[in-house]
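Q: What follows is a single structure, and I will ask about it in a moment.
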Amino acid sequence: MASLLLSPLLALGQVQQQLAAWERAAETYARASSLSPEAAAPWALLAVARHHAGDPTGAEEALREAERIAPRAQRVRRARALLDGENR
């Protein structure tokens, strides 16, 4: 059941991102990551959304979880570059 809900939640979060509704996107990705805690994508997307919503601590926590799951995944590396690039 959780995997059936993951794709629609990720799609919803991406629409919210495009609308710059970062807090809503973060809520959506948090739900997705709780439904599928061993999937790196929701965690990486949550990190990006939290970053843009002004929650650097939450962004770093989510990204660390994504890196634990899939440290070499492109989405995870892009999220790391975003957080590192804007935290200098």
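Q: Of the conditions (1) within 15 Å of Leu10 (Cα to Cα); (2) modelled with pLDDT of 95 or more, Asp55 fails just one. Which one is it?
A: (1)
Q: Can we say Leu83 is modelled with pLDDT of 95 or more, hydrophobic (A, V, I, L, M, F, W, C) and surrounded by 17 or more Cβ atoms within 10 Å (Cβ to Cβ)?
A: So Leu83 fits the description; yes.
Q: A further question follows. Restricting attention to region 15-39, which residues are surrounded by fewer than 24 Cβ atoms within 10 Å (Cβ to Cβ) and closer than 15 Å to Leu83 by Cβ?
A: Matches in region 15-39: Trp22 only.
Q: Now a separate question. For region 53-68, how many residues are buried (at least 17 other Cβ atoms within 10 Å of the Cβ) and in a helix (DSSP H, G or I)?
A: So the count comes out to 7.
Q: Which residue pairs have Cβ atoms under 8 Å apart, sit 6 or more places apart or on different chains, and have a first residue in region 51-72 that is closer than 19 Å to Pro37 by Cβ and without any contact (Cβ under 8 Å) to a residue 60 or more places away in the chain and a second that is part of a helix (DSSP H, G or I) and basic (Lys, Arg)?
A: If the second residue must be part of a helix (DSSP H, G or I) and basic (Lys, Arg), the pairs left are Gly58/Arg50; Ala59/Arg50; Ala62/Arg50; Leu63/Arg80; Ala66/Arg75; Glu67/Arg80.
Q: Another question about this same structure. Quick one: which of Glu38, Glu27 is part of a loop (DSSP other than H, G, I, E, B) and either among the charged types (D, E, K, R) or in contact with a Cys (Cβ under 8 Å, 6 or more places away or on another chain) (or both)? Full working, then the answer.
A: Details: Glu27 fails: part of a loop (DSSP other than H, G, I, E, B).
On inspection, the qualifying residue turns out to be Glu38.
Q: Here is a further query. Quick check on region 42-88: of everything there that is among the hydrophobic types (A, V, I, L, M, F, W, C) and in contact with a Gly (Cβ under 9 Å, 6 or more places away or on another chain), which residue is nearest to Arg24 (Cα to Cα)?
A: If we take residues in region 42-88 being among the hydrophobic types (A, V, I, L, M, F, W, C) and in contact with a Gly (Cβ under 9 Å, 6 or more places away or on another chain), then Ala49 is nearest to Arg24 (Cα to Cα).
The values are calculated or read from the model by the stated rules, or taken from the named source; none is laboratory data. Just so we're clear, the structure is a prediction, and the values are computed from it rather than from any experiment. Don't worry about glycine lacking a Cβ; one is built from the backbone with ideal geometry, like all the others, and counts go over all protein chains shown.
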